[in-house]
Amino acid sequence: MSNKSAHQPPRWADRFLEWYCRSEILEDLQGDLYEHFERNTISKGKRKARQIYCLDVLNFFRPYTIKKFKIVNNLTSFIMFKNYFKTSVRSIARNKLFSAINVIGLAVSMSIGLLMIAFISEVFSFDKFHKDGDRVYRVNNIYQEQQEDPTPFATTSIIMSDRIKESIPGVESQVLMTRGFGGDAKLDEKIIPISGLWATEGFNDVFSFEILQGNPETMLSEPNSIVLTDETAKKIFGDTDPMNQTFILGKEDLYTVTGIIKKPPFNSHFTFQALGSYITYTNQNRKGERGENWYNAWNNMWMNYVYVKLAPNTDVNDVNQRLLALGEKESEKYEHITITSELQPLYGMMAGPDLSNNIGVSIGGAVIWVLAGFTLVVLLSAGFNYTNLSIARSLKRAKEVGVRKVVGATKRQVFNQFITEATIISVIALVFAYLIFMFIKPHFLGLDPSIERSLQLEITPILFLYFFIFALAVGLLAGFVPAMFLSKLKTVQALKNAGSTKLFSKVNMRKVLIVIQFTLSMAFIISASIAYTQFKYALNFDLGFKTENVLNIELQNNDWQKIETAFASIPEVQMISKSAMIPSVGSTYLVDMKYNNDSTELFYNTIDENYIDLMDHEIIAGAHFTKKSSESEESEVILNEETLKRFNLGTPNEAIGKQVEIDENNLTIIGVVRDFHYDKLDQGIKSFGFRNRSNSFYYVNLKLNSSDLPATMAKIENAWNEVDPVHKLQAQFYDENIESAYSEYVIMGTIVGFLAVLTVSIAALGLLGMAVYTAETRMKEISIRKVLGATEGSLVSLLTRGFMWLLVISAALAIPLTYLLFEQQILNDIENRATIGVLELFTGVLIIFAIGILTIGSQVRRAAKANPAQTLRSE
């Protein structure tokens with residue numbers, strides 16, 4: 001074909017020619033037309049030449065130039081597919097047992113796949129409603145103390161917002177938010193508890209929550225301005241227009257409603273009932289208890305969130321490098337800590353890492369990968385089942401293949417036949433899988449309150465499409481190996497025996513797949529057993545204090561003196577104390593501590609004079625706190641043994657009376673408490689102190705002695721309602737707090753245990769199919785052996801021996817692999833954990849062997865009991 005000139009013929013005509021013209025004449029014909037087009041362009045002009053070119057292309061649309069279109073081929077393909085479909089349906093109906101085993105196995109595994117598809121689809125739909133959300137990022141802090149590992153936080157400092165404005169180019173808009181806004185909204189006689197965030201004016205520039213009323217640019221600009229969600233506004237004002245209305249929030253603060261925002265959708269990674277103008281927070285806290293220096297401190301990073309929207313085409317890596325340099329510079333003023341920052345994309349919040357101080361619930365990328373891995377394993381198990389049974393039946397199907405090839409079927413047509421059959425089985429399994437999915441969905445959501453709060457797993461039309469595509473993919477993948485295996489059989493081999501074909505030199509494919517299946521099944525059971533053991537170990541671990549019969553009650557901003565007085569009148573309440581938080585469940589408070597020019601961070605809890613006795617902590621030197629008035633200033637501290645070692649404060653008795661600086665206050669050591677586990681068990685003993693500040697209590701702790709617990713709880717609830725009829729009693733026994741803290745072990749054990757049941761069930765179905773097949777194909781051998789005098793027991797032993805060796809090989813693989821996985825990876829970084837014992841390792845083995853013996857033995861025994869005369873009569 002000649003090169004095209006600068007003047008081009010109409011593109012549509014050129015493409016039309018290429019579409020219809022036969023390939024063997026296209027080059028010459030198109031070259032001639034181009035030459036003719038160039039001559040006409042020179043002699044008649046470009047416009048006329050283009051018209052002639054179009055006419056020529058149409059004129060050459062003649063029988064001798066037109067391609068042989070594939071209509072006939074397509075029709076043939078349709079007829080062949082119809083034939084594949086009919087043959088597949090007949091084969092499925094003819095082999096009912098094997099088809100049922102495959103359908104059930106695939107349905108069970110596919111139900112987990114459907115759950116995973118719905119799960120991932122919903123997780124990655126979060127925050128997609130925000131305009132320009134791909135340009136929105138959160139500034140996360142990375143906190144590192146001395147030689148400790150760095151800890152990522154979702155929070156940052158208040159001053160970060162100013163530093164970004166001053167030194168980080170490419171930021172189009174930003175918002176600073178702080179937790180803790182809210183309280184009781186009071187209007188006339190109505191009291192409504194609300195919670196939310198403090199937010200700067202840039203909130204509506206960064207986020208795209210639907211604004212129903214108010215000016216988005218100014219609604220958060222004035223002091224004591226509040227923006228309500230439509231749901232919250234209706235609770236407070238009913239049907240009255242809330243705009244510019246005022247009400248009291250908290251104790252005495254009067255707020256004016258300056259905007260109404262539609263309630264955040266379920267797929268928002270953070271929610272709120274109200275937003276308070278940040279200037280209000282600044283006015284209240286800049287001159288607060290800890291002063292302006294703390295307000296603007298780089299390490300005041302525990303409650304604040306900064307989100308930025310980058311300008312188009314801004315290099316995220318460049319912004320991260322500037323943030324890193326900024327953090328290193330700001331951290332120079334601190335001796336033992338480094339706080340740097342990095343951006344996290346908005347669309348990655350839900351599926352990102354589970355950061356400390358997250359503003360909302362995060363599923364975590366690791367969880368998604370683990371669940372996806374488990375799902376893949378279950379699907380592989382069912383896929384192996386299909387492959388295994390299909391290849392096992394290859395002796396019978398091989399003759400079918402041989403006949404097809406004799407009458408002219410190609411390798412591709414044979415391959416398509418068996419792929420079609422696998423896909424039909426997969427689509428049938430999809431129906432049952434969907435029913436199983438609908439059954440297990442509420443149980444999955446109910447595994448943990450955080451899952452239920454963050455996910456709904458609603459079924460949408462697009463999900464049905466995903467499910468169908470998934471079923472087709474499963475069918476194609478499950479049927480690929482058997483289809484490839486059978487399509488490659490040579491005609492002579494197919495008409496003789498295909499059952500001896502090897503995957504490797506001396507290893508039968510069926511045996512390999514059985515070993516893989518049962519290795520996975522045993523590994524799941526062992527994993528579930530180890531997780532349960534770790535949970536029981538955590539519950540029974542000696543924390544260094546007593547938690548029995550201790551009820552922790554949230555004060556919910558109530559006067560602790562009134563609450564204490566109300567509970568003191570209940571006879572079953574033996575002791576009452578107050579504290580700022582609940583230790584040993586993962587919550588931590590920390591503060592700077594200095595002594596003799598040395599400093600570190602001190603974990604602490606604020607308590608009253610009764611707490612140490614109520615919790616049965618051991619004072620090894622000094623004394624408890626004494627009762628003080630609510631106006632008394634903090635002057636004393638009780639430290640643990642680890643803190644004394646850290647600061648070289650001497651023996652417990654020598655430390656009494658020494659002064660240390662904590663939170664810029666000089667405090668006297670009045671007591672030393674024996675070390676206990678303040679944090680969760682995956683952390684070791686750390687420097688810790690008890691402080692005594694009457695304005696920092698958030699919990700009341702009750703020591704109960706009751707023979708009728710429900711009646712006692714009713715008394716406690718009545719006493720609470722007398723003091724606070726607005727807020728519901730939030731009470732939980734300490735042991736329940738501990739259980740909740742280690743719920744990940746329960747969740748992991750539940751999920752892995754459930755998957756273990758599924759994989760074992762699928763493997764048992766496969767084993768049943770193999771046992772049935774073995775019994776059917778060896779009936780002649782069994783009958784001859786019986787005629788020659790073999791007993792039923794010897795026959796059962798003969799036919800089950802091979803399967804039992806496969807289970808032994810599976811156990812030999814599963815036990816060390818699972819042990820190494822937990823010992824060197826999953827549990828490696830946990831400070832205090834249970835050792836993995838023989839019982840945990842061999843539980844799965846015993847269960848699998850029991851199932852294997854029952855499954856195989858029942859079928860083989862039935863075959864051994866058959867009358868040899870009837871079997872051999874037809875031979």
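The values are calculated or read from the model by the stated rules, or taken from the named source; none is laboratory data. All values derive from a computational prediction rather than experimental measurement. Cβ placement follows ideal geometry from the backbone for every residue including glycine, while neighbour counts extend to all protein chains displayed.
Identify, from the list 168, 211, the residue that is more than 30 Å from the chain's Cα centre (by Cα), outside the structural domain of residue 599 (by TED's automatic domain parsing) and more than 25 Å from residue 243 (Cβ to Cβ).
Criteria check complete, one pass: 168.
Taking the numbered list (1) surrounded by fewer than 21 Cβ atoms within 10 Å (Cβ to Cβ); (2) β-branched (Val, Ile, Thr); (3) over 24 Å from the mean Cα position of the chain (by Cα) in turn, residue 519 passes all entries but (1).
Quick one: would you say residue 616 is under 28 Å from residue 145 (Cα atoms) and either among the aliphatic types (A, V, I, L, M) or outside any helix (DSSP H, G or I) (or both)?
No, not satisfied.
Within the range 802-823, is even one residue assigned to a helix (DSSP H, G or I), at pLDDT below 75 and surrounded by fewer than 18 Cβ atoms within 10 Å (Cβ to Cβ)? Looking for residues that are assigned to a helix (DSSP H, G or I), at pLDDT below 75 and surrounded by fewer than 18 Cβ atoms within 10 Å (Cβ to Cβ), one finds at least one in the range 802-823, hence yes. Pairing residues of the range 622-651 that are among the small types (Gly, Ala, Ser) with residues that are modelled with pLDDT under 90 and not in a helix (DSSP H, G or I), at Cβ distances under 6 Å and at least 6 apart in sequence or on separate chains, gives 630/694.
Residue 270 satisfies every condition listed in (1) of a type outside the set (S, T, N, Q); (2) in contact (Cβ under 8 Å) with a residue 12 or more places away in the chain; (3) in contact with a Phe, Trp or Tyr (Cβ under 9 Å, 6 or more places away or on another chain); (4) surrounded by fewer than 16 Cβ atoms within 10 Å (Cβ to Cβ) except (4). From the list 559, 542, the lone residue that is at pLDDT below 90 and closer than 18 Å to residue 610 by Cα is 559.
Within the range 634-644, the set of residues being over 38 Å from the mean Cα position of the chain (by Cα), surrounded by 14 or more Cβ atoms within 10 Å (Cβ to Cβ), not aliphatic (A, V, I, L, M) and not in a helix (DSSP H, G or I) comprises 634, 636.
At pLDDT below 85, surrounded by fewer than 17 Cβ atoms within 10 Å (Cβ to Cβ) and either outside any strand (DSSP E or B) or not assigned by TED's automatic domain parsing to the domain that holds residue 200 (or both): does that describe residue 292? Let's see the steps before the verdict.
On the way: at pLDDT below 85: yes; surrounded by fewer than 17 Cβ atoms within 10 Å (Cβ to Cβ): yes; either outside any strand (DSSP E or B) or not assigned by TED's automatic domain parsing to the domain that holds residue 200 (or both): yes.
The answer is yes for residue 292.
Where helices (runs of 4 or more DSSP H) fall wholly inside the range 645-756, the ranges with 2 or more residues that are of a type in the set (A, V, I, L, M, F, W, C) and crowded, with 16+ Cβ neighbours inside 10 Å are 709-723, 734-741.
Would the range 731-738 turn up any residue that is in contact (Cβ under 8 Å) with a residue 24 or more places away in the chain and within 26 Å of the chain's Cα centre (by Cα)?
Keep residues of the range 731-738 that are in contact (Cβ under 8 Å) with a residue 24 or more places away in the chain, which gives 731-735, 737-738.
In the following step, the residues that additionally are within 26 Å of the chain's Cα centre (by Cα) were identified as 737-738.
Yes, some residue in the range 731-738 is in contact (Cβ under 8 Å) with a residue 24 or more places away in the chain and within 26 Å of the chain's Cα centre (by Cα).
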